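These notes concern the structure reproduced below.
Each value in this text was obtained by applying a stated rule to the coordinates, not by laboratory testing. Predicted model only: the values in this text are computed from it and were never measured. Quick reminder, even Gly has a Cβ in these numbers, built from the backbone with ideal geometry, and neighbours come from all protein chains shown.
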Amino acid sequence: MTKNRLLPWLILSPSLLFLALFTYFPLARSVYDSLFDTRMAAGGDAPFVGAENFLRLFADGAFWQSLVNNLIYLLLTVVPGVALALLLAVALWENHRINRWLRTAFFFPMIVPMVSAAAIWLFIFMPGMGMLDYYLAKLFGPLNNNWLGNRDSALYALALIGVWKFAGYYMLFFLAGLQGIPASAREAAMMEGASSTQIFFKVTLPLLRPTLSFVVTTALIYSITQIDHVAVMTHGGPDNATSVLLYYIQNLAWETHDLGKASAATFLTLTGLFAFSFLNLKLLERGAHYER
């Protein structure tokens with residue numbers, strides 16, 4: 001009896017160990033470090049300042065700008081990316097040779113490292129000579145748009161890269177979810193005279209809610225944690241127009257060596273991400289159907 005109780009914990013122990021080491025310990029350490037001001041260390045121990053790092057953070061306009069940018073980036077990547085992934089999954093639902101090739105093609109951006117993807121898109125967005133201006137010039141005449149240098153378009157350009165890279169990845173989860181839906185549910189709706197649109201919104205989509213919940217949560221996490229293209233393409237500019245939370249934290253830690261303030265921002269970011277994920281799971285899984 002004792003062995004049966006211990007077996008699940010033994011199986012889970014490697015995962016629990018890595019979770020503790022790389023998730024909970026860093027979170028606890030960020031809380032601890034946020035209570036000290038490393039700027040005043042001067043080769044010795046950093047003095048305890050309590051909540052002062054949080055107060056300095058809230059008084060920093062760059063922090064609020066990064067937060068707003070991240071929220072906008074989140075909306076620009078999560079909503080179109082998930083919608084496009086669902087559309088692709090429905091279009092490529094049937095398992096035949098052409099669809100298998102198309103699935104591979106749409107998934108391919110996911111295996112390209114974000115730094116390499118940023119290098120590719122730097123060429124596409126190049127003013128005047130890039131592929132985007134080249135093809136737009138065929139419709140609208142000669143163009144010299146600085147897509148990444150204009151604060152009104154830079155964040156949209158980065159969001160486009162995020163959608164391009166991850167939509168094919170999300171598509172795979174939707175394909176798995178669609179293939180797990182029993183055919184009898186759709187057949188029953190067809191026998192009742194439901195149209196294809198009605199079947200999708202009244203039968204297929206409700207049965208996909210567990211998958212949708214997982215994909216949206218994953219997309220939320222990626223929209224905050226995947227910022228390599230920001231560092232490569234815009235460095236947070238122009239005028240902090242593309243500075244997002246993780247890039248802001250990175251600059252605090254590595255350029256200004258203000259580790260206390262960076263730890264405070266890290267803690268708030270992780271807390272907000274956890275709250276977003278928890279709320280999303282609660283909302284999307286309400287009324288979700290699970291096979292027993």
query = What number, rounded to the nearest 500 deg cm²/dmol, is the helix-based mean residue ellipticity at 222 nm of the chain, given -39500 (n - 2.57) per DSSP H run of at least four residues and division by all its residues?
reply = -22000 deg cm²/dmol
query = How big is the charge dipole of segment 72-243 about its Cα centre, in debye rounded to the nearest 20, if each Lys and Arg gets +1 on its Cβ and each Asp and Glu gets -1 on its Cβ?
reply = 320 debye
Of PHE106, SER243, SER263, farthest towards positive along the dipole that unit charges on Lys, Arg, Asp, Glu beta carbons give the chain = PHE106
inquiry  = Please identify the DSSP H helices in the chain that span no less than 27 Å along the helix axis (Cα) and have a mean Kyte-Doolittle hydropathy of -1.0 or more.
reply    = 61-91, 154-179, 259-284
remark   = Largest first and rounded to whole Å, the semi-axes √(5λ) derived from the alpha carbon gyration tensor of segment 72-243 read 36, 18, 15
ask   = Among LEU88, LEU143, LEU19, which one moves the most in a GNM of the chain with springs linking Cα atoms closer than 10 Å?
value = LEU19
task = Assign unit charges at the C-beta atoms only (+1 for Lys and Arg, -1 for Asp and Glu), then state the dipole size of the chain relative to its Cα centre in Debye, rounded to the nearest 20.
result = 960 debye
query = Highest GNM mean-square fluctuation, the chain, Cα pairs closer than 10 Å: which of LEU57, LEU155, LEU12?
reply = LEU12
query = Highest GNM mean-square fluctuation, the chain, Cα pairs closer than 10 Å: which of ALA51, ALA137, ALA159?
reply = ALA137
Euclidean distance of C-alpha centroids, segment 30-105 and segment 126-165, integer Å = 24 Å
key: Sequence-distant aspartates and glutamates (8 or more away, or on other chains) whose Cα lies within less than 18 Å of LYS202   = GLU187, GLU192, GLU285, GLU291
request  = List the GluC sites (Glu not before Pro) within segment 190-292 that fall in a DSSP loop (any state other than H, G, I, E or B) and whose Cβ has at most 13 other Cβ atoms within 10 Å.
outcome  = GLU192, GLU255, GLU291
inquiry  = Give the residue list of chymotrypsin sites (Phe, Trp or Tyr not before Pro) in segment 30-103 that are DSSP loop and have at most 15 other beta-carbon atoms within 10 angstrom.
reply    = TRP93
request  = Give me the orientation-averaged projected area of the Cα convex hull of the chain, in nm², one decimal.
outcome  = 22.8 nm²
